[in-house]
Amino acid sequence: MSNAASIVAVVLVSIASLAVGAFGLRLSRTMSDFYVASRGVGPVLNASAISGEYLSAASFLGVAGLILARGVDMLWLPVGWTAGYLLLLVFVAAPLRRSGAYTLPDFAQLRLESVVARRASSLLVVAIGLLYLIPQFQGAGLTLRTLTGAPSWVGQLAVAVVVCLNVLPGGMRSVTLVQAFHYWLKLLALLTPLFFLLGALGGRSGDPDVGAVFVADWVEPLRGDHALYLTYSLVLATFFGTMGLPHVVVRFYTNRDGRAARRATLAVLVLLSGFYLLPVLYGVIGRYVASDLVAAGRADSVVLELPSRLFDGPVAEGLTALLAAGAFAAFLSTSTGLVVSVAGVVSQDLVRWGAGHRQGIRTFRLSTVAVVAVSLLLTIVSAGVPVAHAVELTFAVAASTFCPMLLLGIWWRGLTARGAIAGMVVGGGLSMGAVVSTTFGIATGGWFGVVMTQPAAVSVPLSFATMVLVSVATRASAPEHVARTMVRLHAPEHIDLNRGSFHPERWYRRASAPVSPVSPVSPVTHVNQSSAANGATTEGTDSGTQHTAYDSGDTTARRSQPTARRD
Amino acid sequence: MTSSEAPEPGADARGRMPSAEAGRPRAGAGVAGDPRSRTRVRVTSPRTSAARTRSVSIASEIDEQTRLGEVYITSLMRSQLRLALTVLVILASTLGLLPLAFRAVPAIADIDLLGVPLPWVLLTVVAFVEIIGLGWFYVRQSERNEDDFSDLLEGR
């Protein structure tokens, strides 16, 4: 299916993404812009960006393919991926935004006041990020090969280059615009051909291939082996895994405040629900006209192949090109989000410690290139290993590590650093073990094998239990400022309260050259300085290492000028 | 604007408690000390409004991490957690029970709605509408909880 129009479409998407990014670049001036888009992104734009980043190739191509192949039970994937945002909304969105944390390690350090917990979270972010990036790169290579016959590395390299070009100059601001653009592109790319397909299907004389559709295994739920366990495990992984994905969490930092974060998430629910109906329809249409793809093992390409099944000539080519553009946008936006979040963590935690005080932006850029290069290398090394299932398992890993850390950290004062680390080790170990064993096909029979295919129903409760039990056992080492942290996480921003002085942005700001304290010295800052100085002498009980972000001289503490009490 | 080290008499005209003014610089440093040892100072200045007085005092109770301040924050956390758990329970008892319902009553799959089998309708349109509805309900209620909390702090 060599298709010149598709090549043109993919090139156009790349150029358009770069152009939108360059436009965003003009808006991205300061250091703060670079990392977090100055947190001034409106709810609708932000919601589009969140959805655009979230809807990966697994959503654009994978869902339709799975529904084509396996039917009604796979409807839990789009439902779970959307419900995951509902749970993120009700438990995490506003407190996470109010924490001021940019990454999950930031949150771990703020809440648990432990550098060890921070490092453990950093390693986990890198692991989850790479686990999610490799399937994106592989998928891009496969898609381009399907469309154009080019070797796999062409598509992989193309995604890598465009991602780098987007992230390197503009940082978060341009990325926000690009991802918002990608959401609407993906929606249109699925919606427009759908009208044509439905029209063609309705106009076809005679009954379509009904035989393939009304098969009990496909149309009725829970027909497979261990279906109830597998379904519930999938539900648990997707419902609770979304909140623990590093690239999802980073996006919340660009909301203006906690309420804006909630409203943006509500808008995300609407955008995702609207989108996810489309791949389901593609899967069903595919069952009518292209059920032979299942036997051929090419169910994943059903979205791209449907136009040529119902049309021929330039119409088919044009629609295929549009779908190819959408698919490529899906690879780009998710990879970009992952690269930004992983590179953010690498530049903060791994590089900085080694290299001392370098220029913040330069470190971030170096990390970006390093992350992209490593994932490209791993993609090439793991060629031939079936990694499609890895995306599903990533949700299980996130649900058994960061999800309990966030939920217990936000809603329970009793969580200690040791408890959180123990829980992440147990839940992460189990779910990562499942990833390794399924990826490399270490087949085991019986219930153990079933659990390893879909580990969430076991690993998530186990991780929660470990965190609670170890925390209770180590109550004595509870974080010192937990009461202040709770005020910070839960009190609305317009109420003027002392929220402590943790400020991850300061890391970057201190590294960049001109630091201008925003607020003049006032009694308020005086209070915060004294509390920070107090913290500086008493913290770091476990390793003697100090919260870098808690040291004195913090003039930009959470009491910003407009809300500062006038006394 | 007055500095906190030396409260001017003018500050009292706005109805602030002197203790709140003087207590401010110690608030942060007081983390190490016992918050209950804070000395109470009698209000001697004329109060323009009782509400203003209370607003300062509850906020500073929270700032100084007294037991009372913790009670206020805990009440906010509880109301928000109760709301979040309500949403979770509703979700679990509808969407979450679907697999069990499918297993217990396989006949569900035979029911058609406009030619589409019921499980397909439930797992697409109905599920998404429910998720959006719950999200909308949560956003509205949680903002109400926060408004109640800030009203409480401002003594309205």
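Details
- For the range B:74-154, the Kirkwood hydrodynamic radius from C-alpha pairs, put into Stokes-Einstein at 37 °C and a viscosity of 0.692 mPa s, yields a diffusion coefficient of 221 µm² per second.
- Among A:Phe240, A:Phe328, A:Phe464, sorting on how many other beta-carbon atoms sit within 10 Å of each Cβ, with the fewest leading, yields A:Phe464, A:Phe240, A:Phe328.
- A:Ser382, B:Ser142, A:Ser459 arranged by Cβ crowding within 10 Å, fewest neighbours leading: A:Ser382, B:Ser142, A:Ser459
- Maximal additional length on extending the A:Asp312-A:Ala465 stretch stands at 49.3 nm, based on 0.36 nm per residue less the C-alpha distance.
- Computed from phi, the 3J(HN,Hα) profile of the range A:108-124 under the Karplus parametrisation 6.51, -1.76, 1.60 (θ = phi - 60°) reads 4, 5, 4, 7, 9, 6, 9, 6, 5, 4, 4, 5, 4, 5, 4, 4, 5 Hz, with x in place of Gly and Pro.
- Neighbour counts of C-beta atoms inside 10 Å place A:Tyr54, B:Tyr72 in the sequence B:Tyr72, A:Tyr54, starting with the fewest.
- Enclosed volume per residue, in Å³, of the convex hull spanned by Cα atoms of the range A:4-382: 135
- Hypothetical label at A:Leu281: residues of the range A:304-332 whose amide nitrogen lies under 19 Å (7 Å Cα-Cβ projection): A:304-311, A:316, A:318-327
- Residues in the range B:118-148 reached by a label modelled at B:Arg103 [backbone nitrogen below 14 Å; 7 Å Cα→Cβ]: none
- The mean count of C-beta atoms from other chains within 10 Å of the C-beta of residues in A:226-233, rounded to a whole number, is 2.
A short reminder: the numbers here are calculations on the coordinates, not readings from a lab. Given the structure is predicted, the values throughout are model-derived calculations rather than measurements. Every residue, glycine among them, receives a Cβ derived from its backbone with ideal geometry; neighbour counts consider all protein chains shown.
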